[in-house]
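Worksheet: one structure, shown below.
Values quoted throughout were computed directly from the atomic coordinates according to the rules given, and no laboratory measurement underlies them. Please read all numbers here as calculations on a predicted model, not as lab measurements. So basically every Cβ, Gly included, is an ideal-geometry build from the backbone, and we count neighbours across all protein chains shown.
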Amino acid sequence: MTVPEEKKAVKKVHNIILEDRKTLTVSGVSDVDSFDEQAVMLFTELGELTVRGSDLHMNKLSVETGEVNIEGNISSLSYQDEAPRSSGGFMGKLFR
């Protein structure tokens, strides 16, 4: 018996819910790179997500569902695409 193609490569849905800059729920997480009270680095379906703030705590991490819950004073969310960066720095990006 073979598994249908659609079940072989199941992508998790990636959502972010931020409530009052205190509680963050992220779905579609495949791995946690690192975490401390100032930053949490997550690998998601859409690239690496860095959450910055203070007093950050991971309350829930579900490998099965790919969901992470973070509480604390959240100041920023930023993605780093998995594609390699091109050279040229800030000026190179400015004149593209």
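Over the stretch 11-79, what is the mean sequence separation of C-alpha contacts under 8 Å (at least six apart), divided by residue count, expressed as relative contact order in percent?
31 percent.
In nm², what is the average projected area of the convex hull enclosing the Cα atoms of the stretch 11-79?
Projected area, direction-averaged: 3.8 nm².
At a 10 Å Cβ-Cβ cut-off, how would you order Val68, Val29, fewest neighbours first?
Val29, Val68
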